[in-house]
Structures are given as C-alpha cells and as structure tokens.
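One structure below.
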Amino acid sequence: MEFLGIFNQDFFYTAIRMAAPIILAAAGEVMLERAGIFNLGIEGGMLLGAFLAVLGSYLFQSPWMGLLLAIFGGVVLGVIFGWATISLRANQAVTGTGINILFAGLTSLLARMIWGVRDVPLTVPAFQEVPIPLLSDIPLIGPVLFRHSFLVYVSYLMVFVLAFVLYKTTWGLKIRAIGEYPKAADTMGIHVIGWKYGMSVLGNVCAAVAGVILSICFTNCFVDNIASGRGYMAVACVILGQWNPFGALAGGLIFGAGNALQMRLQIYNVPIPTSLLLVIPMVLALIMVLLVRGKASARPAALSKPYEK
C-alpha cells in the first residue's frame, strides 16, 4: 500500500509537466514526417534550444529573450537540415544522427567556454508557473492541470492546432499529399520543395522550444545532455501514435508518466539502483515501439525518400 502512495496528485502533476517537451517535439515531428522527411535529430535540436535559451536569458536577463534566441536557432537548424536532406538529398537518418552528435558535444563545450567549469550550474531568469484563474482552484484536477509554465500549456495546445491544420485545412491536405506521393502533388501545382523546407523549420523550432522547456522552465540552467533521450522518445511517440498528433500526445503522456515514476521512486528510496530507475522511460519507449511494429499502416509512403523534381 505504501507503494501505491507514489501515485498521488504530485505524480500526475509531474507526469503532465514532464510529458510537455516530448509532446511538443513529437507534434512537430508528425508534421515533418507527414511531409516525407524523417528527422532523427530531435535530440540535437532540443539540446540547441536548451542551450540558446539559457544563453539568451543570461545575456539579457530575460527568459523571453532566451525563448526568442532558441526559436531563431530552431529556424536556422531547420534550414540547414532541409538544405542537407532536401536540396542535397543526404541520408535523413544519418544527417539527424550527425546533428545529435554535434550538439551533444558543441553545447557542452560552449557552456564550459562561456561559464567555465562549475560545481553548481549557473542559474538564469526562468519562466514561472502561471496558474489559470478559477480552473487552478478546482479540487484534485486544478493543481494537476492548470498550474504550469505557459510553455507547458503551449505544448498541449499545439497538438490541437497542428491536428486542425493537418486534417481540416488545405495546407494539411498539401502536406499529406507531399508525404504520400510528391510527384503527383507537384503535378497539381504544389510547391513540394518549399513545403518540405517549411515543415523542416517547423519541426526543428518545436524541438528547440521543447529544449527551452527543459532549461528555463524546469531547471533554470543548462547541464550536459539535458535532453536525456527525450528526442528519441518523441520519435517513438510519432511511430506509436501512427503519425497522428493525438497519438503522439498519448505516447508523450506515457513517457511523461515513466519519467514521473522514476523520479517518485527515487524520492521513496526504493531499493533499486538509480541508474536502473533512469532507464524506465527508455524501456517504455522500446516496449511501445515493439508493440506497434508491423502495424505502421499510417506511415507516409514517401517517408525518408529524397524527392527529385
């Protein structure tokens, strides 16, 4: 019965909170993959966004400037990733892996060059929780759902916005057509290359803002490998969710619950090594992907295939 005490109000609050960056990154990746591009570099995008957010907040003493700098970094990364995979037709998985490796090392190096080697990470101005009036006072669900940073709210809202765009607008129809049969879409007058670049920018901006949540919403600082595999979880959410924003939302909540569980188990001092507890979310990701293996009927037909006009 003492173990069941882990699943209290704090657990569900933490699950909602920890799921937000995964959900935002996964929602952006859904749009990108629907346009036929596979981005394995979400982890690197999150690291870049997290670092730039802290840098901007440090230089200007404002988390808003950190957010703007991270968005700018996401736009630049999206253009570079698009140039490599769309214009140069480089292998998309290899390019994404390279981005992950690059920013895992580069952000750590730059952090040491700018702030030095520190025993305690440098803290910067950060976004605070924004309780929603009236709703946050509802018993039980109010503190769980309506007392978060505004970027957490944005993460969940983006799922509904992108789902509406994808399924209820002509823009969404064009994106889905490009991901299924780009040559036919081109014949119909759709600017395939332009839309692919646009989705590359959108997906990488979502990844960068997910990194902002990790750095100046959750921890108020930048630490090495702050993404901790959440970019890979986002990719798993897309597959688990069958390339649907709401499916990605469900997958993100599962991984958020996994993160919350390992944190709560550490608080309760369960007799399990911390190193094993930390892999709980990754084990969940592996199990979920294996469960949907062979069921990817919604996978865009032209995913990962370079397009030649």
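What follows draws every value from the coordinates through simple rules; no lab data is involved. Quantities reported herein were computed from a predicted structural model and do not represent experimental measurements. Because the Cβ atoms are built from the backbone with ideal geometry, glycine has one as well, and the counts that use them run over all protein chains shown.
Some notes on this structure:
- The separation of the stretch 80-138 from the stretch 1-76, counted between C-alpha centres, amounts to 8 Å.
- A straight chain from LEU291 to ILE114 at 0.36 nm per residue would run longer than the Cα-Cα distance by 59.3 nm.
- Charged side chains reduced to their Cβ positions (Lys and Arg at +1, Asp and Glu at -1) give the chain a dipole of some 800 debye around its Cα centre.
- Spin-label model, SER62 to SER304: label points 7 Å out along the Cα-to-beta-carbon direction sit 4.4 nm apart.
- Measuring nothing but how far apart in sequence close Cα pairs (under 8 Å, 6+ apart) lie, relative to its length, the stretch 70-187 scores a relative contact order of 11 percent.
- C-alpha long axis of helix 63-82 to longest principal axis of the chain, angle in °: 30
- Shape parameters for the stretch 157-200, alpha-carbon atoms, Rg then Dmax in Å: 10.7, 34
- Comparing LYS168, LYS183, LYS196 in a Gaussian network model of the chain where C-alpha atoms under 10 Å apart are linked, the largest mean-square fluctuation is found at LYS168.
- The calculated 222 nm mean residue ellipticity attributable to helices in the chain amounts to -21500 deg cm²/dmol, summing -39500 (n - 2.57) over DSSP H runs of n ≥ 4 and dividing by all residues.
- Degrees separating the helix 245-267 axis from the principal Cα axis of the chain, which is the longest one: 30
- Legend: P(r) of the chain from all alpha carbon pair distances, 20 Å bins from 0, whole percents, reading 33, 57, 10, 0.
- Taking packing as the residue-averaged number of other Cβ atoms within 10 angstrom, the listed peptides 270-276, 204-210, 74-80, 50-56 run from highest to lowest as 204-210, 50-56, 74-80, 270-276.
- Angle between the chain longest axis and helix 192-213 axis [Cα atoms, degrees, rounded to 10]: 10
- With the convex hull of its Cα atoms as the shape, the stretch 82-134 has an orientation-averaged projected area of 7.5 nm².
- Of SER155, SER215, SER136, the one that fluctuates the most in a GNM where the chain has Cα springs shorter than 10 Å: SER136
- P(r), alpha carbons of the stretch 1-131 - 10 Å bins starting at zero, rounded %: 11, 32, 31, 20, 5, 1
- Using equal-weight Cα scatterers in the Debye expression, the normalised intensity of the stretch 183-309 in log10 at q = 0.10, 0.17, 0.19, 0.20 Å⁻¹ is -0.44, -1.04, -1.19, -1.25.
- Tensor-based shape of the stretch 65-211 (alpha-carbon gyration tensor, a/c under 1.5 rounded, otherwise prolate or oblate): oblate
- On the basis of the beta-carbon distance and an R0 of 30 Å, LEU278 and ALA184 show a calculated FRET efficiency of 0.05.
- Each of VAL130 and ASN91 was given a label point 7 Å from its Cα along the Cα-to-Cβ line. The distance between the two points is 4.3 nm.
- Relative contact order (%) - the stretch 1-94, alpha-carbon pairs under 8 angstrom, separation at least six: 21
- Relative contact order of the stretch 240-309, taken over Cα pairs closer than 8 Å and 6 or more residues apart, is 37 percent.
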